[in-house]
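Taking it in order: structure first as structure tokens, then the write-up.
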Amino acid sequence: MTEPTLDTLTKRLDRMERENRWWRVAGGAVLAVLVATAASPAPKVADKILAREFILADDTGVARARLGLTFGKPELAFDDDPRALVAQSGTPIEPRMSLSDDMLAFAGKNRTLRLKLGVYRQIDDLPVLVLHDERGRARIDLSVFQGGPSLIIQDDNRRARAILGYVGAEHLARGVGEHRPSSSLVLLDDEGKLIWKAP
């Protein structure tokens with residue numbers, strides 16, 4: 001009766017030693033991986049990246065966004081047509097949406113400019129919202145001059161036809177005659193001459 005018990009104990013002990021060896025090997029492998037990971041240097045982070053252009057592409061490799069210089073000015077452009085995202089030269093294909101250093105612009109289906117929102121830095125940091133017609137011509141211009149707000153409605157020839165609000169020096173030469181307050185309305189004919197004004 002002692003032999004079968006001894007034989008059973010021996011088998012159990014052999015099995016436990018095999019399992020123990022397997023756990024030692026697995027534990028050693030895990031420990032080696034941890035040590036190797038901890039000992040490897042962290043990826044280097046660049047302090048500065050100098051580039052002229054960055055292109056973002058979708059999974060198929062088609063350009064969808066571009067950060068770069070357009071006519072010497074920084075611009076971020078988004079589009080579904082990669083031709084609109086190449087560095088601009090000559091007559092550009094207007095991107096669907098672009099952000100330059102002072103202007104946010106949106107183009108329509110036919111690639112003509114439809115809306116601009118921004119600040120004209122050349123004219124005393126003048127904030128503007130300009131709506132364009134289907135041919136890309138400015139038709140409505142909302143801005144805030146130092147003298148006050150102004151809404152200008154233009155005709156097909158880009159001539160101001162109605163001005164609500166402040167009338168600045170740029171319209172004085174067209175026959176308006178004087179600076180007008182923010183509460184004024186001025187109507188001009190197709191040659192830019194004064195038709196009516198109030199107050």
(message) Quick check on the range 30-80: of everything there that is acidic (Asp, Glu) and not in a strand (DSSP E or B), which residue is farthest from ALA105 (Cα to Cα)?
(response) ASP47
(message) Step by step: first the residues of the range 93-113, then only those that are under 18 Å from the mean Cα position of the chain (by Cα) and in a loop (DSSP other than H, G, I, E, B), then the one that is modelled with the lowest pLDDT. Which residue is that?
(response) ILE93
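So is ASP124 surrounded by 16 or more Cβ atoms within 10 Å (Cβ to Cβ) and either over 24 Å from ILE55 (Cβ atoms) or in the same structural domain as LEU67 (by TED's automatic domain parsing) (or both) or not?
Judged against the criteria, ASP124 is not a match.
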(message) Being in contact with a helix residue (DSSP H, G or I) (Cβ under 8 Å, 6 or more places away or on another chain), at pLDDT 75 or above and surrounded by 10 or more Cβ atoms within 10 Å (Cβ to Cβ): is that true of ARG66 here?
(response) yes
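The values are calculated or read from the model by the stated rules, or taken from the named source; none is laboratory data. None of the values given here were measured: they were computed from a predicted structure. Positions of Cβ are generated from backbone atoms using ideal geometry, with glycine treated the same way; all protein chains shown enter the neighbour counts.
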